[in-house]
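First comes the structure, then the notes that go with it.
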């Protein structure tokens, strides 16, 4: 019993939470949803269509304070897809460092927007953002 409790504690500490966004497309196959003030390191973004096998273009982006939006994931999705967005650290000139491993995006009260385009009319998309 103690081993199970320890396992649950370790698993629970690996992920701080998950945010679920639902995007319903209109008659033109377009829809958006926004999660305001998301905080944490983005580990995984799971995208799925609740209505079955449907194709659409999904874009997940966040808006840093006073800056242009940053894309976390953009791709055509058929039924479901898993994204693990990472970023490479840069030097003082903004050039990507090549000797380090990419790291997770860290958000602090940033707005995250999910946009779906080129999808079927009235499709329902579910996006789960797992943070640590």
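The values are calculated or read from the model by the stated rules, or taken from the named source; none is laboratory data. It should be emphasised that the depicted structure is a prediction, and the values quoted were computed from it without experimental measurement. FYI the Cβ positions are ideal-geometry reconstructions off the backbone, even for glycines, and counts take in every protein chain you see.
Can you pull out the residues in region 97-124 that are part of a loop (DSSP other than H, G, I, E, B) and under 15 Å from residue 28 (Cβ atoms)?
Taking region 97-124 as the starting set, the residues that turn out to be part of a loop (DSSP other than H, G, I, E, B) are 97-102, 118-123.
If the condition is that a residue be part of a loop (DSSP other than H, G, I, E, B) and under 15 Å from residue 28 (Cβ atoms), then 118, 119, 120, 121, 122, 123 are the ones that fit.
Quick grid of which residues meet (1) surrounded by 15 or more Cβ atoms within 10 Å (Cβ to Cβ); (2) farther than 19 Å from residue 113 by Cα; (3) in contact with a helix residue (DSSP H, G or I) (Cβ under 7 Å, 6 or more places away or on another chain); (4) modelled with pLDDT of 85 or more:
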{"site": "2", "(1), (2), (3), (4)": "no, yes, no, no"}
{"site": "8", "(1), (2), (3), (4)": "no, yes, no, no"}
{"site": "22", "(1), (2), (3), (4)": "no, no, no, yes"}
{"site": "58", "(1), (2), (3), (4)": "yes, no, no, yes"}
{"site": "61", "(1), (2), (3), (4)": "yes, no, no, yes"}
{"site": "72", "(1), (2), (3), (4)": "yes, no, no, yes"}
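Do we have residue 65 as within 11 Å of the chain's Cα centre (by Cα) and either touching a residue at least 40 places away in the same chain (Cβ under 8 Å) or assigned to a strand (DSSP E or B) (or both) here?
On the way: within 11 Å of the chain's Cα centre (by Cα): no; either touching a residue at least 40 places away in the same chain (Cβ under 8 Å) or assigned to a strand (DSSP E or B) (or both): yes.
The answer is no for residue 65.
Look at residue 103 and say whether it is surrounded by fewer than 16 Cβ atoms within 10 Å (Cβ to Cβ) and at negative phi.
yes
Test of understanding: among 82, 87, 70, which residue is more than 19 Å from residue 34 (Cβ to Cβ) and within 12 Å of the chain's Cα centre (by Cα)? It would help to see each step written out before you state the result.
Details: 87 fails: within 12 Å of the chain's Cα centre (by Cα); 70 fails: more than 19 Å from residue 34 (Cβ to Cβ).
Unique residue meeting the criteria: 82.
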